[in-house]
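K.L.:
Below you'll find the structure I mean.
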Amino acid sequence: MNVAAVFFYLFSAIMLASAFMVIAAKNPVHSVLFLILAFVNASGLFLLMGAEFLAMILVVVYVGAVAVLFLFVVMMLDVDFAELKQGFLQYLPLGSVIGIVVAIELLLVMVGFTQSDAALGAGASPIQANVSNTEALGLVLYTKYVYLFQASGLVLLTAMIGAIVLTLRHKPDVKRQVIADQNARTRADAIEIKKAPSRAGV
Amino acid sequence: MTPISFALAHSLPEVVLAVGALALLMLGVFRARDGRDWIISECAIAVLGLAFLLLFVGAGPKVVVFDGAFIDDAYGRYMKGLALIGSIVTLLLSLDYMRREKIDLFEFPVLVILATLGMLMLISAQTLISLYLGLELMSLALYVIAAFHRDNVRASEAGLKYFALGALSSGMLLYGASLLYGFAGTVSLQGIAAAINGKANIGVIFGLVFMLAGLSFKMSVVPFHMWTPDVYEGAPTPVTAFFASAAKMAAVAITMRLVVTAFPGVTDQWRQILIFVSILSMALGAFAAIGQTNIKRLMAYSSIGHMGFALVGLAAGTEQGVQGVLVYLSIYLTMTLGTFAAILSMRVGDVYVEKISDLAGLSRTNGTMALFLSAMMLSLAGIPPLAGFFAKWYVFNAAIQAHLYPLAVIGVLMSVVACFYYLRIVKVIYFDEPAPGFERASPAVTAVLIVASLLVVFFSFWPGPLDVAAAAAAKSLF
Amino acid sequence: MYTAIVFLPLLGFLIAGAFGRSLGPRPSELVTTSLLVISAILSWIAFIHVGLGEAPASTPVLGAWINSGALNIEWALRIDTLTVVMLVVVTSVSCLVHLYSIGYMHEDPSRPRFFAYLSLFTFAMLMLVTADNLVQMFFGWEGVGLASYLLIGFWYEKPSACAAAIKAFVVNRVGDFGFALGIFLVFALTGSVAFDTIFAAAPGLAGKQIHIFGMNADAMTVTCLLLFMGAMGKSAQFLLHTWLPDAMEGPTPVSALIHAATMVTAGVFMVARLSPLFEQAPVALTFVTIVGATTAFFAATIGLVQNDIKRVIAYSTCSQLGYMFVALGVGGYSLGIFHLFTHAFFKALLFLGAGSVIHAMHHEQDMRKMGGLRKDIPFTFAMMTIGTLALTGFPFTAGYYSKDAIIEAAYATSLHSGAGVYAFLLTVIAAGFTSFYSWRLVFMTFFGERHVAHDDRGHAAHAHDDHGHGHDHAPHESPLVMLIPLALLGFGALFAGLVFSSSFIGHGYEEFWKKALYSGPGNHILYAMHEIPEAVGYVPFVMMAGGFLLALYVYVIAPGTAKRIADANPLLYRFLLNKWYFDELYDLIFVRPAFWLGRLFWKGGDGRIIDGLGPDGISARVIDVTNRVVRLQTGYLYHYAFAMLIGVAALISWYLVGGVR
């Protein structure tokens, strides 16, 4: 067993365990932290495969942005997760029976899983030696996968529109920052000079 | 690799929708006052109409572009036509409704265009990735417009439920896709078919089950239907019409494409799944609708039942069966849109009502609408010589040709049970003491109702064109 | 022209039927009547052209009707002598009845409906007589049945009218059933329903056997018997006659038009039209003879004792139809049609005259309450006398030529056939009876004491009638519009026989009929009937005179004799008065068991078993299932998700357990 294999099992094991803890943890903040741990381990797995760019992106975007945002949200919202989990025990027996059945069946599939001959041959599509990871992505993103890339962009756009539509509220009595107004202010309308008589008190 | 212009030429409707959505979004953001609709809806109808017209441009033998991700064939064009009709009519129906409910934001038509774009991409998907992206684009937009009435508790709840369950179904779909990819080593549907080569591996079967489970959620067939009644009831009525019409078209279309293109050699395997969900759907659609008092909820169960009937044709697994499904979907689309136009005509004062009892004695307060709505109901029930009868006839005939006698018999029995609630509405309309009359509906809504009624009533006189088009489309799928 | 004859009444029906209410009664009357007059005039022109002149028989085709496999049916008008004779009869009587009804019905609020029905009937009857194939004939056949039903039940407020209408319809169904079967059999045998094809094929089918009910039977005999069954129903022949007297519940003009002159003769027409078929089935012809003779006798006996003026005439009609069938049965098709032709005039006359009497008596129909009316309504009296003379066969009136010819033909047949003997005897006796009851009617109505009730009861009944003649309760002569038709029909009753006998049954036979009727090579009845002993020719006259004298004695010279005779033979009297107890018999044999069976199936079969286990039971289960299914929809997100997981688990378990096949 070489080093790569050791790390593969290490990362995988930690990732699975932390993924389990995401749903098992009582404290939602802990859940998010376990999620971050899972992401980090996933990026480790990418590294093992030689996909450095993806590994870094995963860390930067998911860990740095998404998960941290998540953390803020969870901490700011006062969600009583204990209440949400009510009824969990009530359905536990039936749920666990179904769950165990599904799990066993999936294990059986794993045991009986075979790959087609074509898949065995095409398993790896090696990157050319003198092309860097990022460059390889750049080569296909707007050529071979332009359709999928654009489609992904539209999906994200839709998600953004949706988030805005559903949450953004124009409350009339809320003060807003208007940059143009700020820039357009002159000294004349910002400051009023009053001559205060000295020694007269207010 | 083909030049990009060639690929774009074969995806013109999609290009128009994408560009149109962005342009209208810009227009709305910069020009619309207070985020109100302004003329965005009308422009959106024009964009969708243009896309619909472009379907008739450059039709020819099937062409695969974008490196195998996208297919342009007669089948796709047929289904895209249906989806676009659903979208256009949805927007027509929404014009008046959204304004009265004070949710006439310009984002709504934009989201409808984006959802439609997702549907079109879904219908043309030729790899698992393009399938998933199309599905997500459609679903995300649908999640949002389901909750579009964000100040309404029921609408928000509906959107949230739909979103959560949709995420679960997407997960299932992805799990299935990963199993398939793991087996075949390719995401191309045809590549998967080649890898399977008629021999069903247990992993492939599991992948198939999970993928079909994910798609079944979008088709809202039992047991993946649970969101349907709640969402149909909670969402704004035009949105419900959209769910029941265009969204269904896309979901059934890709299901057919998936099983026919990627699993041609293992028909016996996927047929069992389809028969399973089909029978359950027909039964649930028939029985559960009987107990409903809300007409939108009733239509939810009705649509579940109708999807079950449509899948009877697909379960046959033959070209004839696919043709039957296409005819079925076309007629179902007409009936559904007509019915929702009638539901959108149910306005007392400024309030849209949706109880079945609100229709009581409609024959005396508005005889014309009563007649049209009754025609819709009788057609949905499948009573000859209305179009709904021929729809059922096509799929049951296909099932019988494929020797699926029990399925056909169960289907007929369930359609008899389903007759009950359709006929009950007719009875309420004609024989109950009149409820308060409805206000005059907007011209667009009335026009939709009239056109749909005429199509449904007079279909039997001129079924030729639909039959021919469906046959050509089904042929191109195989 | 032929098209106009047939479709003008339909036009009248459509106008009066659709717009009658908005047009008002008077325009409806005028429109339908004037259209009918035009139609009648055209018919006479056609009659002169085709019957008396040299215009060839023709068959204008109106269009295709049914094209289904080997079954090709066209709308076509078959114009030959037989048709034009019927056209003349139907349109003439119909237009006179229309005219008459303007006066007779003038108090009825729903006159547009009445005239619409009359025109509808006329149209259907014309379709029947111009039919070029059996199916079109059946169309007309059912059309007149429908119109008859509507007109008998015209006063639908009266329960007895409704019952009579239903009875007429149902009894006719029995006959129509046979007719329809006959048509099917003809189609099965010849592969066509068009007359030309059938007639051409008929000689070849003689002696052909078919296998029915486990035995072989002569095909043509079975066919003709089935077809004749239809004729029996429509023409109220023995066993299927019970509806005709009850049909008198309808307005009197209706009785005159439908139940005397036209519709009831449809059976006679049908047999004559299908003479090429019947000629191939001697057994069926014998059956026709026997049924006809029996009806002639049996109806006459009942007519002897009836007291309702219209019922007497109705039984008389029944009896005369029997004569016609005797004529047909012995092979004298032209005799039957000739009697039909003359009978239409004098029977319509009698009915309309009776209507005039009834009108005069303020809708009193019981002859026992009449009497001595000849001074009050002299014109009607004169016309009724003419009708009676013609009916009884007084020399040189219409009936003399036609009825006596039938009796002679029956005698000619009796020389070589048992059925002929039977027919001859019964028709002769019936002729005597006919004379008796006809004169009885005249004497009871127009002679003797005035029985008109002037008591309070009469006033009450009168007021109840809402009659509108406040000024006078005495019998009064009818208005001119009713008397003109009487006069015209009286003219016909006197001279129709004299003028046309040569053409119909005499030397002009060949030139007149021009092969519209078919006689087999061995059929020489028209010659044979002229070669009978002279004495036989006097027999009908003797019977008529005897009947007259007897009636004169019983009702005029020695009133009260009738009652004595009746008291002396109570059994016979009641037997006749109750119409041989046919209604009671049918009630016992058919109606009650049918009701019993119906109730059994309704309450037990349908109500308990089918409804109980079927609709009601299933719907109750459906509701149960629904309630359970609806409860599944809890609204909880995790329930929904759980349902999806269970679905997936079930599916993959299915594949794992069932194995991948």
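K.L.:
Rank C:Trp243, B:Trp38 by accessible area, highest first, at a 1.4 Å probe radius?
P.N.:
My answer, sorted largest first, is B:Trp38, C:Trp243.
K.L.:
Going by a ≥ b ≥ c, the root eigenvalues of the Cα gyration tensor, does segment C:86-181 fall in the rounded group (a/c under 1.5), the prolate group (a/b larger than b/c) or the oblate group? Please report the intermediate quantities before stating the final value.
P.N.:
Numbers: a/c = 2.93, a/b = 1.26, b/c = 2.33.
Oblate shape, in that a/c is at least 1.5 and b/c is the bigger or equal ratio.
K.L.:
How crowded by other chains is B:135-144, given as the mean number of beta carbons from other chains within 10 Å of each beta carbon?
P.N.:
Averaged over the peptide's residues, the number is 5.
K.L.:
I need the phi-derived Karplus couplings for segment B:396-409: 6.51 cos²θ - 1.76 cosθ + 1.60, θ = phi - 60°, integer Hz, Gly and Pro marked x.
P.N.:
Once rounded to whole Hz, the list reads 5, 4, 4, 5, 5, 4, 8, 6, 8, 4, x, 4, 5, 5.
K.L.:
For C:Ser235, which sequence-distant residues (separation of 5 or more, or a different chain) have an amide H within less than 5 Å of its own amide H, given hydrogens modelled in the peptide plane?
P.N.:
Those lying under 5 Å, H to H, from C:Ser235 are C:Gly267.
K.L.:
Provide the buried accessible surface between chains A and C in square angstrom, both chains summed, 1.4 Å probe, rounded to the nearest 100.
P.N.:
Roughly 700 Å².
K.L.:
Charges only on Cβ, +1 for Lys and Arg, -1 for Asp and Glu: so what's the dipole of chain A about the Cα centre, in debye to the nearest 20? Present the calculation step by step, with values, prior to reporting the outcome.
P.N.:
Numbers: 12 positive and 11 negative charges, 242 e Å.
In debye, rounded to 20, chain A gives about 1160.
K.L.:
Can you give me the C-alpha center-to-center distance between segment B:217-237 and segment B:38-54, rounded to a whole angstrom?
P.N.:
27
K.L.:
Amide H of C:Glu279 versus every other amide H placed in the peptide plane: which residues, excluding those fewer than 5 positions away on the same chain, fall under 5 Å?
P.N.:
none
K.L.:
Trypsin sites (Lys or Arg not before Pro), restricted to segment A:150-202: which are DSSP loop and have at most 15 other Cβ atoms within 10 Å?
P.N.:
On the way: sites: A:Arg169, A:Lys175, A:Arg176, A:Arg185, A:Arg187, A:Lys194, A:Lys195, A:Arg199; in loops: A:Arg169, A:Lys175, A:Arg176, A:Arg185, A:Lys194, A:Lys195, A:Arg199.
Answer by residue number: A:Arg169, A:Lys175, A:Arg176, A:Arg185, A:Lys194, A:Lys195, A:Arg199.
K.L.:
Please give the total accessible area that chains C and B bury against each other, computed with a 1.4 Å probe and expressed in Å² to the nearest 100.
P.N.:
Using a 1.4 Å probe on protein heavy atoms, the buried area is about 2700 Å².
K.L.:
Turning to a different aspect of this structure: Can you give the angle from 0 to 90° between the axis of helix A:28-48 and the longest principal axis of chain A, with both taken from C-alpha atoms, to the nearest 10?
P.N.:
60
K.L.:
Next up: Taking only DSSP H segments of four or more residues, each worth -39500 (n - 2.57), what value at 222 nm results for chain B once the sum is divided by all its residues, to the nearest 500 deg cm²/dmol?
P.N.:
On the way: 21 runs with 350 residues, N = 478.
The helix contribution divided over chain B gives -24500 deg cm²/dmol.
K.L.:
Something else about it: Apply the a/c threshold of 1.5 to the C-alpha gyration tensor of the protein assembly as shown and tell me whether it is rounded, prolate or oblate.
P.N.:
In terms of gyration-tensor shape, prolate.
K.L.:
In Å², and per residue, what accessible area does segment C:106-184 have when probed at 1.4 Å with the other protein chains present?
P.N.:
32
K.L.:
What lysines does C:Lys403 reach when the alpha-carbon gap must be under 28 Å and sequence neighbours fewer than 8 apart in one chain are set aside?
P.N.:
C:Lys234, C:Lys310, C:Lys347, C:Lys514, C:Lys515, C:Lys579
K.L.:
Still on this structure, please answer the following. Where in chain C is the longest stretch that carries no GluC sites (Glu not before Pro) classed as loop by DSSP and with at most 13 other Cβ atoms within 10 Å?
P.N.:
No qualifying site falls inside C:158-448, the longest such stretch.
K.L.:
Is there a simple number for the mean count of other chain Cβ atoms within 10 Å of the Cβ of residues in B:8-14, and what is it?
P.N.:
Partner Cβ neighbours, averaged per residue: 1.
K.L.:
While we're here: Where nothing but the Cβ of Lys and Arg (+1) and of Asp and Glu (-1) is charged, how large is the charge dipole of segment B:257-382 around its Cα centre, in debye to the nearest 20?
P.N.:
Roughly 160 debye, rounded to the nearest 20.
K.L.:
What total accessible area, in Å², is buried where chains B and A meet, using a 1.4 Å probe and rounding to the nearest 100?
P.N.:
3000
K.L.:
Now for a different question. In segment B:202-251, what residues drop by 20 Å² or more of accessible area when the other protein chains are put back, versus the chain on its own? Use 1.4 Å, and skip ligands and nucleic acids.
P.N.:
B:Ile202, B:Gly203, B:Ile205, B:Phe206, B:Val209, B:Phe210, B:Pro223, B:Phe224, B:Met226, B:Asp230
K.L.:
Quick one: pull the percent of accessible area on the protein assembly as shown belonging to carbon and sulfur, 1.4 Å probe, ligands and nucleic acids left out.
P.N.:
For the protein assembly as shown, the apolar C and S fraction of the accessible surface comes to 69 percent.
K.L.:
A drop of at least 30 square angstrom in accessible area, chain alone versus all protein chains together, probe 1.4 Å. Which residues of segment A:90-116 meet that?
P.N.:
A:Tyr91, A:Ile98, A:Val102, A:Glu105, A:Leu106, A:Val109, A:Phe113, A:Thr114, A:Ser116
K.L.:
Another question about this same structure. Output the residues of segment B:153-172 meeting this criterion: accessible area (heavy atoms, 1.4 Å probe) in the chain alone minus accessible area with all protein chains in place is 40 Å² or greater.
P.N.:
Checking the loss per residue gives B:Lys161, B:Leu165, B:Leu168, B:Met172.
K.L.:
Averaged across C:486-495, how many Cβ atoms of other chains sit within 10 Å of each residue's Cβ atom?
P.N.:
0
K.L.:
Further question: Could you give me the ³J(HN,Hα) list for segment A:4-9, computed from phi with Karplus coefficients 6.51, -1.76, 1.60 and θ = phi - 60°, whole Hz, x at Gly and Pro?
P.N.:
Going residue by residue, I get 4, 5, 4, 5, 4, 5 Hz, with x marking Gly and Pro.
K.L.:
Mind listing the phi-derived Karplus ³J(HN,Hα) values for segment B:217-233, rounded to whole Hz, using 6.51, -1.76 and 1.60 with θ = phi - 60°, and x for any glycine or proline?
P.N.:
Result, rounded to whole Hz: 4, 5, 6, 6, 10, 5, x, 9, 9, 4, 5, 4, x, 5, 5, 4, 6.
K.L.:
Next up: Rolling a 1.4 Å sphere over the protein heavy atoms, what is the accessible area per residue of chain B, to the nearest Å²?
P.N.:
Per-residue accessible area for chain B comes out at 32 Å².
K.L.:
Follow-up. Whole number in Å², please: accessible area per residue of segment C:307-355, 1.4 Å probe, ligands, DNA and RNA not counted.
P.N.:
Values: 210 Å² over 49 residues.
That works out to 4 Å² per residue.
K.L.:
Here's a follow-up. Relative contact order of chain B: what whole-number percent is it, with Cα pairs under 8 angstrom and at least 6 residues apart?
P.N.:
Working: 856 pairs, mean separation 72.7, N = 478.
It rounds to 15 percent for chain B.
The values are calculated or read from the model by the stated rules, or taken from the named source; none is laboratory data. The structure presented is a predicted model; accordingly, all values stated were derived computationally and were not measured. Cβ: placed from backbone, ideal geometry, glycine included. Neighbour counts: every protein chain shown. Remember, those area values only see protein heavy atoms, side chains included, never the ligands or the DNA or RNA. Shrake-Rupley method; radii C 1.70, N 1.55, O 1.52, S 1.80 Å.
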